[in-house]
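Structure record follows, encoded as structure tokens.
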Amino acid sequence: MLSETKFGWSIFHNSFRLFILDKPRLRLGKPDLDYSARIYQDLARLARSAPDDTPQHWLELRYLARANDDTGVLGLAQAARFRRQLAEGRSVSELEADIRLALGAAKRTHDGTVVMRLLLARDELGSPLKPLCKGRPASPRLCWRS
């Protein structure tokens, strides 16, 4: 169920991940309601310190979103960061997923300025690539999914 690579362990079968997620989290025999948030905060810290040559370093925002850390998510959800990750080779669909998570966090802040900033970042990432996606692009990872 686990695969060990030069980058560490990874779960390569979804049923094992679902099995683990289904287990109750107990602390001193009582339900631990903060367990998931704590784990995802730890994963975000690991992603933040991951080497730049691993895809793991791109996942900090995603882990913070799963930890319900809206402030942390919105702090990372910056157009410059998305541009840098695109230049590093991260797919637009992955960046789009991060922006979607950030829009969820922004919705809970009721701040229209933050929402507009994220919409502009999403449009900025997609606009220069749209011509590549007509017909058969050189790299499907670059295409914006409409």
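The values are calculated or read from the model by the stated rules, or taken from the named source; none is laboratory data. Values in this document were obtained by computation on a predicted structure and should not be read as measured data. Counting neighbours? That spans all protein chains shown, and the Cβs are built from the backbone with ideal geometry, glycine included.
Residues of the stretch 56-81 that are over 17 Å from G104 (Cα atoms) and more than 11 Å from the chain's Cα centre (by Cα): A80, R81. In the set (1) modelled with pLDDT of 70 or more; (2) under 19 Å from the mean Cα position of the chain (by Cα), F7 fails one condition alone, (1). Restricting attention to the stretch 82-100, the residues that are more than 12 Å from the chain's Cα centre (by Cα) and loosely packed, with under 15 Cβ neighbours inside 10 Å add up to 5. Given (1) touching a helix residue (DSSP H, G or I) at 6+ places or on another chain (Cβ under 8 Å); (2) closer than 24 Å to K6 by Cβ; (3) modelled with pLDDT of 90 or more, identify the lone condition not met by D42. Every listed condition holds for D42 apart from (1).
Tallying residues that are outside any helix (DSSP H, G or I) and over 19 Å from M116 (Cα atoms) within the stretch 57-97 yields 7.
When each of L103, L120, L74 is tested for being exposed (fewer than 12 other Cβ atoms within 10 Å of the Cβ), without any contact (Cβ under 8 Å) to a residue 60 or more places away in the chain and either basic (K, R) or farther than 30 Å from T5 by Cα (or both), the lone residue that passes is L120. Please verify whether L64 is of a type outside the set (S, T, Y), in contact with a helix residue (DSSP H, G or I) (Cβ under 6 Å, 6 or more places away or on another chain), at pLDDT 95 or above and more than 30 Å from K6 (Cβ to Cβ), treating the condition exactly as stated. Taking the combined requirement at face value, the residue does not satisfy it.
Looking only at the stretch 106-115, residues that are closer than 16 Å to A79 by Cα, in contact (Cβ under 8 Å) with a residue 12 or more places away in the chain and either of a type in the set (S, T, Y) or not in a helix (DSSP H, G or I) (or both) come to 0 in all.
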